[in-house]
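S.K.: Following this message is one structure expressed as structure tokens.
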Amino acid sequence: MPILPRISGTFAYLALGSLAEAEDMVLPCVQWIESSKVQWEFNAKRTGGALYALGNLRLAQGREDDGYALHERALTHYRSTLGKTHFYTAKASMKMSEYCVRRLEYSEALQHIENALEAWSNRKIFEGYRARASYRKARVFDFMDNKLKAKGLFLKAEKMRLSWLKAFRPFYEPKGPEDYDALVPCYVR
């Protein structure tokens, strides 16, 4: 079964708001992977990607608990197969931080964000990801009423965002000062 194109199709359908089509694309992938122990254990990109995509679908369907469980499985799988500092592990950590914020588990959210920032710290190409993560970190401190720390992080995030835009401006036109989600592809959100 061609899993990676189906995962990409899932994200495309999610971006279009076509949830039924997204489910038709991703659910057979997860079922097939779970039926094959070899695929489950050794193919991190397919396995974690399918779990991550299905988690995003469940979240879009309003099934937050199911989405949480799937994203947690994806994060665990990425960590065990690819390591703590891999790009895919970082994207799953950021997704888990969003759940933690919604559950008011701010210290855990900060830990997930720090893990992502560590993974994205080594290359200039990840500056947009770091800007988005720093913005999210600032929001967490803002929720915790640590306004001074939040303000410093907001400024840092904006500086990174502007630096990234300077390098990639021909490909991206900002929609506003807080448009950090647009800095990363839809399959990372």
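None of the figures in this text is laboratory data; all of them are computed from the coordinates on show. For clarity, every value in this text was computed on a predicted model and none was experimentally measured. Cβ sites come from the backbone with ideal geometry, for glycine too, and all protein chains shown count toward neighbours.
S.K.: Looking at the square roots a ≥ b ≥ c of the eigenvalues of the Cα gyration tensor of segment 1-82, which shape do they give, rounded for a/c under 1.5, prolate if a/b is larger than b/c, or oblate? Numbers along the way, then the final one.
M.R.: On the way: a/c = 2.01, a/b = 1.36, b/c = 1.48.
Cα axes put segment 1-82 in the oblate bin.
S.K.: Starting with the fewest neighbours, write out 29, 100 ranked by other beta-carbon atoms found within 10 Å of each beta-carbon. Please report the intermediate quantities before stating the final value.
M.R.: Working: 29 26, 100 19.
Listed from fewest to most nearby Cβ atoms, that is 100, 29.
S.K.: Just to check I understand the Karplus step: with θ = phi - 60° and J = 6.51 cos²θ - 1.76 cosθ + 1.60, what whole-Hz values come out for segment 17-32, glycine and proline as x?
M.R.: The phi angles translate into x, 8, 5, 5, 5, 4, 5, 4, 7, 8, 4, x, 4, 5, 4, 5 Hz.
S.K.: Continuing with the same structure: Which Cα, out of 55, 11, 36, lies furthest along the positive dipole direction of segment 1-70 (beta carbon charges, K/R +1, D/E -1)?
M.R.: Farthest along the dipole direction, towards plus: 36.
S.K.: Treating cross-link reach as a plain straight distance, find the lysines whose alpha-carbon is under 22 Å from the alpha-carbon of residue 45, omitting any fewer than eight places away in the same chain.
M.R.: Cross-link targets: 37, 84, 91, 95.
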